[in-house]
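The values are calculated or read from the model by the stated rules, or taken from the named source; none is laboratory data. Small disclaimer: the values here were computed from a predicted structure and weren't measured. Cβ coordinates were reconstructed from backbone atoms using ideal geometry, including for glycine residues, and neighbour counts include every protein chain displayed. Only protein heavy atoms, including side chains, enter the accessible area calculation; ligands, DNA and RNA are left aside. Shrake-Rupley method; radii C 1.70, N 1.55, O 1.52, S 1.80 Å.
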Amino acid sequence: MNQKSIKDADIQGAKNLNEANFIGNDILITNMCDVPIPDGARRMNFILITLCTSGEARYTVDTQEQTVRKNDVIIISERHVVADYKSSPDIDGICIIMSVKFFYETISNVGDISVMFLFSKNHPVVSLTQNEADTFKSYFYMLKDKLADMQNHFRRELARTLMLAMFYEMSNVIYRVQQNNSRRHTRADVIFTRFLHLVEENFKRERRVGWYAEQLCITPKYLSETVKSVSRRTPNEWIDRYVTFELRIQLRNFTKSIKEIAIDMNFPNQSFLGKYFKEHVGMSPSEYRKS
């Protein structure tokens, strides 16, 4: 895939779609059939959740081919590249597009996010039972109605609540799939899972790849190669994900000063935290608090 041919896809551009309902650049919902077929590769600058209700589509995510059919749910997170899209004439479904910021706000109280990451890696397309699909459709349509209700003062909060309920429903689907999944885990899978659990428990005080490799009794080079082969991300990228996720949550807690957050997250000082946050999120901590 030619890197120069990859274009960015954002929520702002999706607002022009027919029948699209949205709240600012936070969340948008529309019909799958109203989304034009991409003319090339697109890098997602948002999180996409789609329920296919009819037809079939094929596409690649980071060069890996995927197929989606009726009652399949597609989950594509930010930074992934979607390309080579082809679909049957009767393709249809419902698409939800969320900003990364809105997503983090919604799941701020949901624990064990490593399970979500692992599941998404191994199951980019999830087949639902008819009952599960009907449940998801009811959430989709309720969400669409709330987004369209411009007079509702609390429609953003209602959208977050409905999305959180959908995530819990998805967690139930994940549990079912995992119970029925007999795929043998490779040594690389085991190392990656153990690495994520270690990061989840220690990221506030330890951000050195070498430290995690030492805990796993392997070399930093082997850890880096293994994590990259399994997840397509480096250990540092995973550590940064956990750190920025926690920083986003804590910055929404206005009872803590940025200096106190820096101490809690084991940064040398407030200035160092500010540089780190701006590098990874694109704005300063104070700007994020005001956004």
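Just a few scattered comments:
- Selection over region 220-270 of residues that are of a type in the set (Phe, Trp, Tyr) and touching a residue at least 24 places away in the same chain (Cβ under 8 Å) gives a count of 4.
- Test: residue in region 26-40 that is within 25 Å of Phe154 (Cα to Cα), open to solvent by 20 Å² or more (accessible area, probe 1.4 Å) and at pLDDT 90 or above: yes
- Filtered residues of region 58-71 (kept if under 25 Å from Met163 (Cα atoms) and either part of a strand (DSSP E or B) or at pLDDT below 95 (or both)): Val61, Gln66, Thr67, Val68, Arg69
- Residue check for Val35: aliphatic (A, V, I, L, M) and closer than 29 Å to Tyr288 by Cβ: no
- Screening Arg289 on (1) under 30 Å from Val81 (Cβ atoms); (2) surrounded by fewer than 15 Cβ atoms within 10 Å (Cβ to Cβ); (3) modelled with pLDDT under 90 shows it passes everything except condition (1).
- Looking across region 121-147, the residues that are under 16 Å from Asn172 (Cβ atoms) and without any contact (Cβ under 8 Å) to a residue 24 or more places away in the chain come down to Asn131, Asp134, Ser138.
- Filter result for Lys256 (assigned to a helix (DSSP H, G or I), within 22 Å of Tyr104 (Cα to Cα), modelled with pLDDT of 85 or more and open to solvent by 20 Å² or more (accessible area, probe 1.4 Å)): no
- Against the list (1) open to solvent by less than 50 Å² (accessible area, probe 1.4 Å); (2) farther than 18 Å from Tyr104 by Cβ; (3) among the aromatic types (Phe, Trp, Tyr), the condition Phe245 fails is (2).
- Cys217, sole failed condition from (1) in a loop (DSSP other than H, G, I, E, B); (2) open to solvent by less than 60 Å² (accessible area, probe 1.4 Å): (2)
- First in region 87-98 and free of Cβ contacts under 8 Å to residues at least 60 places away in the same chain, second anywhere and open to solvent by 30 Å² or more (accessible area, probe 1.4 Å), Cβ under 8 Å, 6 or more apart: Ser87/Ile37; Ser87/Glu56; Ser87/Arg58; Ser88/Glu56; Asp90/Ser54; Ile91/Cys33; Ile91/Ser54; Ile91/Glu56
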